[in-house]
Amino acid sequence: MFDIKWIRDNVNLFDEAMKRRGIEPQSDKLLALDDERKATILALNEAQKKRNTLSKQIGIAKANGDDRKAQNLMLKVAELKKEVQRGEEKEREQTKALRDALAVLPNILAKDVPDGEDETDNVEIDNFGERVEFPFRAKQHFELGEALGLMDFEVAAKIAGSRFVVLKGALARLERALGQFMLDVQINENGRTEVNPPLLLHEKAMFGTGQLPKFKEDSFVTTDGRWLLPTSEVPLTNMVRENILSINDLPMRLTGLTPNFRSEAGSSGKDTRGMIRQHQFYKVEMVTIATAQMAEREHEIMLKSAQNILKKLNIPFRTMLLCSGDTGDSMQKTYDLEAWLPGQNTYREISSVSIAGDWQARRMNARYRDENGKVHFVHTLNGSGVAVGRALIAVMENYQQEDGSILIPQALQPYMGGLEIIRAQ
RNA sequence: GGAGAGGUGGCCGAGUGGUCGAAGGCGCACGCCUGGAAAGCGUGUAGGCGAGCAGUCGUCUCGAGGGUUCGAAUCCCUUCCUCUCCGCCA
């Protein structure tokens with residue numbers, strides 16, 4: 001969300017930034033709303049001031065026992081009262097109108113974000129690992145999993161519907177191992193604080209990070225109006241909502257392992273086979289709360305942390321800088337890590353590392369006090385470190401053998417009780 | 001689910017209709033004092049919005065929203081949250 005005062009001072013910059021997002025110039029409309037609002041406030045303050053002055057005089061008159069004077073003053077104030085009430089109502093409406101208009105606008109893209117339409121215009125900035133050349137046809141993860149008898153989509157459909165999976169035995173454990181491994185790296189090597197948040201969230205929290213109001217069809221709601229977290233970015237970031245933090249608390253580096261729930265409303269027909277796109281999946285998340293000065297460095301640190309996970313698992317991946325058309329509304333700049341999937345013979349997103357600037361902080365009213373006691377909005381960042389479900393896919397496809405067994409990456413073996421290979425029973 | 005208690009500034013805590021954005025204490029900052037420190041003394045110590053180049057001024061905010069009143073932290077209604085006891089339950 002934007003500061004209307006900033007828009008007023010940066011009309012061209014703002015309209016240009018919206019244009020990059022494919023949005024018509026907004027500043028005229030917004031400034032007009034703000035002008036009306038200001039005029040209302042000015043008149044309202046004037047009326048309130050008069051009312052307060054007279055009311056105090058009534059108090060004094062009564063204290064002095066001058067009832068007639070008090071009576072006179074009361075009549076005067078009665079009129080002002082109506083004026084104040086009208087003004088308050090108008091101000092409330094106008095403020096809400098302005099806020100609603102601002103709430104749906106996307107973040108400003110960073111200067112170094114390349115222009116582009118969609119994911120085909122993203123720019124590769126880094127590449128890690130050798131793609132394995134199999135002397136046989138590489139299978140997709142679901143072929144492997146089903147053949148092992150450890151991955152069952154039919155049972156999942158029976159109990160929950162499509163886009164769910166049931167993992168069993170060593171595969172279930174492998175998924176758990178991946179989550180624990182990643183979390184441990186985040187805590188021990190990347191110095192993040194583990195957080196285990198609620199999975200059901202207030203609407204306010206969903207608004208704070210930008211999932212609401214625009215993208216409500218992407219998430220699930222409960223019967224009592226709570227939202228199932230689509231990513232733990234939401235609870236972790238909203239931990240600082242409506243706070244004024246001390247500068248000493250920053251940067252605040254958090255991590256957590258949670259399930260994520262997504263309706264995938266707009267994705268019917270996409271990735272229908274396998275575990276790529278599910279309604280429910282585990283993900284290790286990184287969230288950093290920082291100052292404006294710290295933020296860019298924290299973004300690079302976070303990117304390295306995510307890359308580090310895949311390197312430890314020895315999964316080939318490339319790092320993409322998302323183009324303007326593919327960068328999420330809440331974000332100024334996003335890197336995606338795409339893991340190589342031999343079975344699909346393609347790269348697929350496995351992590352997304354983004355910087356939001358103060359866009360989320362304004363929505364959350366999350367601030368900090370600097371060395372001089374001045375209050376500023378924090379800057380927020382988040383990234384996956386990494387998606388567990390997709391990491392499972394990447395491990396299976398990259399570590400598969402001709403007979404359909406799967407080697408377990410060395411880094412995971414301690415989490416698998418020393419198991420080195422998963423074979424059909 | 002039933003019965004009760006409560007939500008006030010960074011924290012504790014007073015305030016039950018009148019100049020209260022709010023006593024007092026703690027904490028913190030600065031100054032004095034000291035060789036240095038502690039103690040002591042003094043001063044300061046919310047955020048939003050609006051006006052102004054600025055000093056500053058006005059206004060709003062005592063969980064949230066609404067109402068009563070000339071005037072609300074104080075009265076009424078609604079709602080959220082916390083705590084205690086009982087019941088139920090993982």
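The values are calculated or read from the model by the stated rules, or taken from the named source; none is laboratory data. Keep in mind that what you see is a predicted model, and the values were worked out from it rather than measured. All Cβ positions, glycine included, derive from the backbone under ideal geometry; neighbour counts span all protein chains shown. Areas reflect the complete protein model, heavy atoms only, side chains present, ligands, DNA and RNA absent. Shrake-Rupley method; radii C 1.70, N 1.55, O 1.52, S 1.80 Å.
Taking region A:376-414 on its own, how many of its residues are charged (D, E, K, R) and open to solvent by less than 10 Å² (accessible area, probe 1.4 Å)?
Within region A:376-414, residues that are charged (D, E, K, R) and open to solvent by less than 10 Å² (accessible area, probe 1.4 Å) number 1.
Test A:Arg277 against the criterion of being basic (Lys, Arg) and buried (at least 16 other Cβ atoms within 10 Å of the Cβ), and give yes or no.
yes
Only residues that are over 19 Å from A:Pro198 (Cα atoms), touching a residue at least 40 places away in the same chain (Cβ under 8 Å) and of a type in the set (Asp, Glu): list them for region A:250-298, please.
A:Glu264, A:Glu296, A:Glu298
Give me the pairs, please: first residue somewhere in region A:149-164 and in contact (Cβ under 8 Å) with a residue 24 or more places away in the chain, second residue anywhere and of a type in the set (S, T, N, Q), beta-carbon distance under 6 Å, and either six or more positions apart or on two chains.
Pairs that qualify, where the first residue is in contact (Cβ under 8 Å) with a residue 24 or more places away in the chain and the partner is of a type in the set (S, T, N, Q), are A:Arg163/A:Gln278.
Could you check A:Phe215 against (1) surrounded by fewer than 21 Cβ atoms within 10 Å (Cβ to Cβ); (2) farther than 20 Å from A:Val353 by Cβ; (3) at pLDDT below 95; (4) within 23 Å of the chain's Cα centre (by Cα) and say which number it fails?
(2)
Go through region A:1-30 and report how many residues are small (Gly, Ala, Ser) and assigned to a helix (DSSP H, G or I).
2
Considering only region A:142-173, how many residues are part of a loop (DSSP other than H, G, I, E, B) and among the acidic types (Asp, Glu)?
0
What pairs can you find where one residue is in region A:69-80 and touching a residue at least 24 places away in the same chain (Cβ under 8 Å) and more than 10 Å from RNA strand B (Cβ to nearest atom), the other is of a type in the set (D, E, K, R) and not in a helix (DSSP H, G or I), and their Cβ atoms are less than 6 Å apart, with a gap of 6+ or different chains?
Close Cβ pairs (under 6 Å, with a partner that is of a type in the set (D, E, K, R) and not in a helix (DSSP H, G or I)) do not exist here.
Given the structure, is A:Ala356 of a type outside the set (Ser, Thr, Tyr), open to solvent by less than 30 Å² (accessible area, probe 1.4 Å) and within 26 Å of A:Ile125 (Cα to Cα)?
In short, yes.
Would you be able to tell me the number of residues in region A:176-189 that are open to solvent by 30 Å² or more (accessible area, probe 1.4 Å) and out of contact with any Phe, Trp or Tyr (no Cβ under 7 Å at 6 or more places or on another chain)?
Residues flagged as open to solvent by 30 Å² or more (accessible area, probe 1.4 Å) and out of contact with any Phe, Trp or Tyr (no Cβ under 7 Å at 6 or more places or on another chain) within region A:176-189 amount to 5.
Within the group A:Leu33, A:Leu75, A:Leu42, which residue is open to solvent by less than 100 Å² (accessible area, probe 1.4 Å) and outside any loop (DSSP other than H, G, I, E, B)?
A:Leu33
Let me spell it out: the conditions are (1) free of Cβ contacts under 8 Å to residues at least 40 places away in the same chain; (2) open to solvent by less than 80 Å² (accessible area, probe 1.4 Å); (3) in a loop (DSSP other than H, G, I, E, B), and A:Val234 meets all of them except one. Which number is the exception?
Status for A:Val234: all satisfied but (3).
Would you mind telling me which numbered condition in (1) within 14 Å of the chain's Cα centre (by Cα); (2) open to solvent by 40 Å² or more (accessible area, probe 1.4 Å); (3) among the small types (Gly, Ala, Ser) A:Gly256 fails?
In the conditions (1) within 14 Å of the chain's Cα centre (by Cα); (2) open to solvent by 40 Å² or more (accessible area, probe 1.4 Å); (3) among the small types (Gly, Ala, Ser), A:Gly256 misses (2) alone.
Restricting attention to region A:52-65, which residues are surrounded by fewer than 13 Cβ atoms within 10 Å (Cβ to Cβ) and more than 7 Å from RNA strand B (Cβ to nearest atom)?
Matches in region A:52-65: A:Asn64, A:Gly65.
Would you check if there is a residue in region A:265-280 being part of a strand (DSSP E or B), away from RNA strand B (no atom under 16 Å from the Cβ) and not small (Gly, Ala, Ser)?
Yes, some residue in region A:265-280 is part of a strand (DSSP E or B), away from RNA strand B (no atom under 16 Å from the Cβ) and not small (Gly, Ala, Ser).
Per-residue answers, yes or no, for (1) within 25 Å of A:Met151 (Cβ to Cβ); (2) among the polar types (S, T, N, Q):
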| residue | (1), (2) |
| --- | --- |
| A:Thr223 | no, yes |
| A:Leu229 | yes, no |
| A:Glu242 | no, no |
| A:Thr255 | no, yes |
| A:Thr288 | no, yes |
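Could you check region A:1-51 and list, in sequence order, the residues that are touching a residue at least 60 places away in the same chain (Cβ under 8 Å), of a type in the set (Val, Ile, Thr) and more than 10 Å from RNA strand B (Cβ to nearest atom)?
A:Ile23, the sole residue that qualifies.
Considering A:Gly373, A:Gly417, A:Gly328, which residue is open to solvent by 50 Å² or more (accessible area, probe 1.4 Å) and among the small types (Gly, Ala, Ser)?
A:Gly417
Could you tell me whether A:Thr327 is in contact (Cβ under 8 Å) with a residue 12 or more places away in the chain and more than 16 Å from RNA strand B (Cβ to nearest atom)?
yes
So which strands (runs of 3 or more DSSP E) stay within region A:309-358 end to end and still have 3 or more residues that are out of contact with any strand residue (DSSP E or B) (no Cβ under 9 Å at 6 or more places or on another chain) and of a type in the set (A, V, I, L, M, F, W, C)?
Those strands (runs of 3 or more DSSP E) do not exist here; none qualify.
Restrict the check to region A:183-193 and report whether at least one residue is assigned to a loop (DSSP other than H, G, I, E, B) and of a type in the set (S, T, N, Q).
Within region A:183-193 (the criterion being assigned to a loop (DSSP other than H, G, I, E, B) and of a type in the set (S, T, N, Q)), the answer is yes, since at least one residue qualifies.
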